[in-house]
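Have a look at the structure below, then the notes.
FYI, it's all coordinate maths here, none of it is from the lab. The shown structure was predicted, so the numbers you read here are calculated from the model rather than taken from an experiment. For neighbour counting, all protein chains shown are included, and Cβ atoms are generated from backbone atoms with ideal geometry for every residue, glycine included.
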Amino acid sequence: MLHRAAIAALRVMFLVTLVTLVCCSKERPLQSPPTKYLLYVGMGGRSPLFTSYVLVADCATDSVIDSLGSAGYYNHQLMLVRTSPDGRYLFLGFSTGGARIWDIASHAEIRNLGIFALRPIFVPKARSLVVFQPDSSHIYSIPDFTLVGKLPEVVGSGSLIPGTTRIVTIRQRSSSPPDVDFLTYDVVARSFVDSLRLQAADLGPDLYLFHWVYASELQRLYAICTDSIGTCLIGYDLRARRLLFRSPAAEFSGRPWLNATCDQVWVTYGTTSFGGPWPSYVSIYDGQSGAELERITPSRNLPGWGFAPGGVAFHPAGNKVYIQGATEDGQTQPVIAITTPGSEVQKVLFGDHAHLPVDIALGIDPRP
């Protein structure tokens, strides 16, 4: 009996060991690594060199890890840097024309579009790139970036309605006082969809839209405007067709930038002339009421530094914002990082004595 009991116990131990080995041998589900982001800093050469290239920085460490076109684009002044939503492509726009597309992972220039670009928009659902020009807008296919069509009436700039193949743009009419048409186009059909006219009486007398941004989720339009009195920031509810607010703005005003993560509108105030008064700061406005929530000045811990009315890049995690900066003498233009919340201002120096940052863009790291 004892012998049988010992054999039974051994069998139980064997089964327990076998089950343990089987359970431990099963692969645990792989967790997706956190998304990494890269900051692309377009570097433009000082006159008379006009050489340009792009520095690539790791947003986790704010350190330069790579460069594109490091040999330089000679006699081409870089003005515009944009990334595709998937982080694969980089769009470079030059003041001399000849916009270019780069494949980031392979470090290869894919195509010279040969046009002067005001602003590009990647439309993932249409596998297309829309490039705005002064007289029309070109549509290019992705990934070969060949010209497949045009939107003749869409000029200047526009915004993508996320998750769709539609873009929106505005057209200020020549009437007095001026009305504003809010227009929607479909990139796949290459046709006009609908329009909404914003009456001058609702916006304000003699109000001209200067820079604008569209908050698609909220159906709101924010714009820096000028009138006979000065400059202001407006917020307009497109769904309810009513003006949300009209807030005074400084004389020197840059483009409004929407921080969609917290329904805020950021506006950089700075002057393009150096020396003399230095009205340089960033105002953060509430997207609903237009109330100024905070005013950030770099001088509190970066004396002699200011914000330039250039590019702004919001980190998707919502904890950092990159803004172009400048010194009073104009000899250095760093990228200034603002950590949020708390609005701690810190300078992140990029470049060399012969080049200055001219635009910035933030994108997903496409590298394996």
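For the pair LEU293 and ASP186 in one chain, pulling the backbone fully straight at 0.36 nm per residue adds 34.9 nm over the alpha carbon distance.
Computed extension gain for ARG197 through ARG239, at 0.36 nm per residue and net of the alpha carbon distance, reaches 13.9 nm.
Over segment 128-192, what number does the Rg to Rh ratio reach, with both radii from the alpha-carbon atoms and Rh per Kirkwood?
Expressed as Rg/Rh, it is 1.02.
Orientation-averaged projection of segment 94-210 equals 8.3 nm² [convex hull of Cα atoms, one quarter of hull surface area]. For VAL148 and ILE161, the difference between the fully extended length at 0.36 nm per residue and the C-alpha to C-alpha distance is 2.6 nm. Straight-line reach from LYS347: taking Cα to Cα under 19 Å and skipping same-chain neighbours fewer than 8 places apart, the aspartates and glutamates in range are ASP58, ASP62, GLU328, ASP329, ASP359. A Förster distance of 25 Å, applied to the separation of the beta-carbon atoms of ARG127 and GLN172, puts the FRET efficiency at 0.20.
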